[in-house]
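Worksheet: the structure to be examined is printed underneath.
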């Protein structure tokens, strides 16, 4: 699908800005996901596709599917068609390592990707874009590399299968077949097209212009000759947040010209900040985010002090009118992380009708998030440097498609 400058500017109108580096809505309002679907040209993930995932995998769809956290796609139906025919595919996702520790919003794509890997029994490549963060965040190369390795430990702690997973840092891996594909992509994208898609200007360093092919080519199997020798027609599915869509609109435009299949995408909403002031949780504001390094006390304090409530100003008024669930952050967070569908519906009903108070909902959220963070912390503490080396080693994956 070709994207011109006019289309891209319309997608990033004054009402909301959604691109790989900025997510914001007008006056701190809500992101309009229906508008994003229309502007970006992707499709809404409907119930028929979710039901089909359940039928093909013989397991309950992930909570992120059931509750429309992952809400949009490009050609996911074609991935399911191929899988039903007995054809395999591989997964590709990534992380830009710009902070020492991850927050819960960072974990969402990895939690979902782990589910996809297990449900479909397919291999996975995880790109650590340490080069990108060195360029955009003005980090030294050495610091970006260090953060990549630290973030890899958090990713591994999510529970990926080392026999089906390859994690790579761009600074370490780019070269050979990967670089050849980068050059092929780069030759297909004009300067005007790159400026239109990504909003680059004459004031940006040329390093920014050269980066998009780096994120594009992991969706081509020939970029990993040690993993997929002779499998250049293998399809790729990319789980990511919808702000990464511009990279892959470009990739999908270029892929057929290079003889590759277009990558398919399954795209998520943003995990909101505690204060609900903008489109997503931000690592730049520690009080907007719950980190995987936060203590139980930190989590409780952040939720009680900063989590925006849709409850009423007084108990009497709350009992009469109930909570506004549309703006209530504790309910939104529970929609992401509370596994029990019936409990979630009970909370929404009782809270929405005023029988449950804000403090009770925040208390339940504190319990849920504390359990997730403490489980993650224990798993991360068990990740050794040798385990990181194993995931990042350039080697064949013995049980790739078993």
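Computed from the coordinates by the stated procedures, all read-outs in this text should not be read as laboratory data. Bear in mind that the values here come from a model prediction, so they are computed numbers and not experimental data. Note that we place each Cβ from the backbone using ideal geometry, even for glycine, and neighbour counts take in every protein chain shown.
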Please arrange 299, 50 by counting, for each residue, the other beta carbons lying within 10 Å of its beta carbon, fewest first.
50, 299
Is the shape of the range 52-122 best called rounded, prolate or oblate, per the rule: a/c under 1.5 gives rounded, else a/b larger than b/c gives prolate, else oblate, with a ≥ b ≥ c the square roots of the Cα gyration tensor eigenvalues?
prolate
Shape call, the range 5-274: gyration tensor on alpha carbons, a/c limit 1.5
rounded
Using Cα pairs closer than 8 Å and at least 6 residues apart in sequence, work out the relative contact order for the chain, in percent.
21 percent
With springs only between Cα atoms under 10 Å apart, run a GNM on the chain and tell me which of 113, 384, 129 wobbles the most.
384
According to a simple spin-label model (label point 7 Å from Cα along Cα-to-Cβ), what is the distance in nm between residue 394 and residue 180?
1.3 nm
Taking 0.36 nm per intervening residue step and subtracting the Cα-Cα distance, what contour gain separates residue 301 from residue 206 on full extension?
29.8 nm
With 0.36 nm assigned to each residue of separation and the Cα-Cα distance removed, residue 320 to residue 32 gains 100.7 nm
Burial ordering of 48, 219, 268, fewest other beta-carbon atoms within 10 Å first:
48, 268, 219
Per residue, how big is the convex hull of the range 91-226 when only Cα atoms are used? Give it in Å³.
120 Å³
Relative packing of peptides 239-250, 67-78 - highest average C-beta neighbours within 10 Å first:
239-250, 67-78
Label-to-label distance, nm, for residues given as residue 44 and residue 386 (7 Å Cα→Cβ offset)
5.2 nm
When the chain is fully extended, how far beyond the present Cα-Cα distance does residue 308 get from residue 233, taking 0.36 nm per residue of separation?
22.2 nm
How would you classify the range 286-381 from its alpha-carbon gyration tensor, with a ≥ b ≥ c the square roots of the eigenvalues: rounded for a/c under 1.5, else prolate if a/b is greater than b/c, otherwise oblate?
prolate
Expressed as a whole number of Å, what is the distance separating the alpha-carbon centroids of the range 333-395 and the range 74-100?
24 Å
Among 159, 175, 86, which one moves the most in a GNM of the chain with springs linking Cα atoms closer than 10 Å?
86
Consider all pairwise Cα distances in the range 132-193 and report the whole-number % of them above 14 Å.
70 percent
Can you sort 126, 135 so the residue with the fewest Cβ neighbours within 10 Å comes first?
135, 126
How much of the DSSP bridge set in the range 5-274 is antiparallel, in percent, rounded to the nearest 5?
35 percent
Expected 222 nm ellipticity per residue - DSSP helices of 4 or more, -39500 (n - 2.57), all of the chain, to 500:
-14000 deg cm²/dmol
Projected convex hull area of the range 212-358, Cα atoms, direction-averaged, in nm², equals 12.3 nm²
